[in-house]
Structure formats: structure tokens, C-alpha cells
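Below is one structure, written out as C-alpha cells; the observations come after it.
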Amino acid sequence: QVQLVESGGGLVQAGGSLRLSCAASERTFSSYAMGWFRQAPGKEREFVAAITWSGGNTYYADSVKGRFTISRDNAKNTVYLQMNSLKPEDTAVYSCAATFGLALYTPHNYDYWGQGTQVTVSS
């Protein structure tokens, strides 16, 4: 069983940056594709970004494209989400997730989830 622990959330002003990290407990971390999702109060969980097991391919929601960057370091069992030019509408709980599957945009395709980290962007 893969355990995922997110960190790096917090309060930031609009236009600022944050870097989220997701550390995995499993040595087979490099076998998983990884995704970041977010959920704002009263809204459904939505896809933010994903990265294949090798890091060779990345995918982004249109709402974050050009502002967020997903990356991974398989030697450190960690995936990152660099968030720049943050907007108040980016405020949400951000969770990382791991999957062996191919449908990286779909939450229910992921097998393991972290507990989430709060990101709050003030205007």
C-alpha cells in the first residue's frame, strides 16, 4: 500500500507562488503515474495536473496551464506542483494521488490518495 503525504500548502497573496510536495512511502513509486487534484468548498474534486511514471509526459487542466508545473524525482519518491501567479480561485484543498492506470484526468482511476493540503489565495 502506498502512503502519500502532501506538504507545502499555506496562505499566499494573489500573484504569489507555492510549491507543493507529495512524498510516497513506497519504493515502487517510480512505477506509478501521479496526479494532483483539488477540491474547493461546495465543489467537486477537479483534476489539476498529472505526470507519467517516467516524467516524460505531463498534463494540465486548462485553468492552470502556463501557471502550474508538475514534476517528479523518483530517487526521492516525491512529486511536486509548482504553482505560480496564483489566483483566489485556486483556493482549495490539494491532494496528490497515484495510479497504474492511463486515465489520468479521472479521480476514480487513482488507487492511492494523500490527505490533502490547504492552499488559500487572498485577493
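The values are calculated or read from the model by the stated rules, or taken from the named source; none is laboratory data. Here the structure is a predicted model, which is why all the values come from computation and not from measurement. All Cβ positions, even for glycine, are placed from backbone atoms using ideal geometry, and neighbour counts span all protein chains on display. For the accessible areas, the whole protein counts, side chains as well, though only heavy atoms, and no ligand, DNA or RNA atoms are used. Shrake-Rupley method; radii C 1.70, N 1.55, O 1.52, S 1.80 Å.
Working note: Karplus 6.51/-1.76/1.60 with θ = phi - 60° gives region 6-19 the couplings 8, 8, x, x, x, 9, 9, 7, 3, x, x, 9, 9, 10 Hz, where Gly and Pro are set to x.
Per residue, the chain exposes 51 Å² of solvent-accessible protein surface, assessed with a 1.4 angstrom probe and all protein chains in place. Its Cα centre serving as origin, the chain has a Cβ charge dipole (Lys and Arg +1, Asp and Glu -1) of approximately 200 debye.
Got a number for carbon plus sulfur as a percent of the chain's accessible area, 1.4 Å probe?
Heavy-atom surface of the chain belonging to carbon and sulfur, 1.4 Å probe: 47 percent.
Among T106, T69, T78, the residue with the largest mean-square fluctuation in a Gaussian network model of the chain, with springs joining Cα atoms closer than 10 Å, is T106.
Cross-link partners for K87 among the lysines, with Cα-Cα distance under 23 Å and sequence neighbours closer than 8 places in the same chain left out: K43, K65. Highest mobility in the GNM of the chain, judged by mean-square fluctuation with C-alpha springs under 10 Å and restricted to A97, A33, A75, is found for A75.
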